[in-house]
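The values are calculated or read from the model by the stated rules, or taken from the named source; none is laboratory data. Computed from a prediction, not measured in an experiment: that's the story for all the values here. Neighbour counts run over all protein chains shown; Cβ positions are idealised from the backbone, glycine included.
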Ligand SMILES: NC(=O)c1ccc[n+]([C@@H]2O[C@H](COP(=O)([O-])OP(=O)(O)OC[C@H]3O[C@@H](n4cnc5c(N)ncnc54)[C@H](O)[C@@H]3O)[C@@H](O)[C@H]2O)c1
């Protein structure tokens, strides 16, 4: 496979504001690590790349040489700042924005095709777009359920399918990274819909890893805990709700997810497939 910044988190909030005084952000989250070109000649798609985790993943891959398509329903980051593709190109990287609603198979396929057209291949597919929804089970309608599935599960499934179609014909295969959640591994109150979609992402990652391994395609998932994005500070107040439950003593930053995505996309992970990698500061390791 032709297939490593991170201050200027750029997702709006000051990453130091949620950090307890005794806890320092690691250098890799502060953007102070030395960069390499290990993703030179790598073409990547990041769905939901305009904001939050997707923005950090796209920025990280591009900082190490990847050409990146930002596939999103919006260009502007939800918490403000320069659009991701513009931020990348301003820093000398290569990126394009493609309007894409992952509920549409046509949009996903068009995004993949435009990536191959622009960059010559599709080496890394990051199926990140997703939304949170908390609702007690008794209040869930079929419309609620289907609309959440349409983004969080169908979007990932058909993102994998579109990527596999291209990667199978590439001599070096490719790498797929699905963004699940710790809610795809464990249950949380009033979160049955979200847990169902993320559980689906967790296990479809394993199933597809087995199915396409012989094609040279690795399929892995990242299972973030509480990451400071619009989803946790605006849509749901989960950042505050769970802050005290993080053994490492701080809420995660999108760059924590970006760092792990870069690892999974890299040759360092060439023997890793079908894995769900928990990035949660220790939440699910703790019995409390
Ligand atoms: N923030 C967390 O604590 C956390 C924890 C676990 C998992 N996740 C997962 O990380 C992923 C990203 O979430 P985030 O926290 O960065 O959220 P976010 O709201 O900051 O960003 C999500 C991005 O996805 C885009 N998007 C939404 N619907 C879309 C659609 N139909 N098609 C294309 N793009 C769409 C939005 O426009 C936005 O730019 C999601 O899959 C989420 O479930 C987040």
Self-check item: Residue satisfying all of: in region 217-240; part of a helix (DSSP H, G or I) and touching a helix residue (DSSP H, G or I) at 6+ places or on another chain (Cβ under 9 Å); farthest from residue 77 (Cα to Cα) among these
Solution: 240
Quiz item: Where residues in region 217-261 are away from the ligand (no atom under 15 Å from the Cβ) and more than 23 Å from residue 200 (Cα to Cα), which of them is modelled with the lowest pLDDT?
Solution: 244
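Each row is one residue, and each column tells you yes or no for (1) closer than 13 Å to residue 47 by Cβ; (2) in a loop (DSSP other than H, G, I, E, B); (3) modelled with pLDDT of 95 or more; (4) within 13 Å of the ligand (Cβ to nearest atom).
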site: 96; (1), (2), (3), (4): no, no, yes, no
site: 103; (1), (2), (3), (4): yes, yes, yes, yes
site: 110; (1), (2), (3), (4): yes, no, yes, yes
site: 145; (1), (2), (3), (4): no, no, yes, no
site: 148; (1), (2), (3), (4): no, no, yes, yes
site: 151; (1), (2), (3), (4): yes, no, yes, yes
site: 156; (1), (2), (3), (4): yes, no, yes, yes
site: 170; (1), (2), (3), (4): no, yes, yes, no
site: 177; (1), (2), (3), (4): yes, no, yes, yes
Quiz item: What are the pairs, 6+ residues apart or on separate chains, where a residue within region 85-111 that is under 14 Å from residue 51 (Cα atoms) has its Cβ under 7 Å from a residue that is modelled with pLDDT under 95 and assigned to a strand (DSSP E or B)?
Solution: none
Quiz item: Here are 143, 132: which of them is on the phi < 0 side of the Ramachandran plot and over 20 Å from the mean Cα position of the chain (by Cα)?
Solution: 143
Quiz item: If we scan region 36-44, do we find a residue that is out of contact with any helix residue (DSSP H, G or I) (no Cβ under 8 Å at 6 or more places or on another chain), under 30 Å from residue 213 (Cβ atoms), surrounded by fewer than 16 Cβ atoms within 10 Å (Cβ to Cβ) and at pLDDT below 95?
Solution: yes
Quiz item: Under the condition of being over 18 Å from the mean Cα position of the chain (by Cα) and assigned to a helix (DSSP H, G or I), which residue from region 241-277 is surrounded by the most Cβ atoms within 10 Å (Cβ to Cβ)?
Solution: 242
Quiz item: Residues in region 203-216: is at least one more than 10 Å from the ligand (Cβ to nearest atom), touching a helix residue (DSSP H, G or I) at 6+ places or on another chain (Cβ under 9 Å) and not in a helix (DSSP H, G or I)?
Solution: yes
Quiz item: Tell me, which residue of region 112-139 that is more than 12 Å from the ligand (Cβ to nearest atom), outside any helix (DSSP H, G or I) and touching a helix residue (DSSP H, G or I) at 6+ places or on another chain (Cβ under 6 Å) is farthest from residue 172 (Cα to Cα)?
Solution: 125
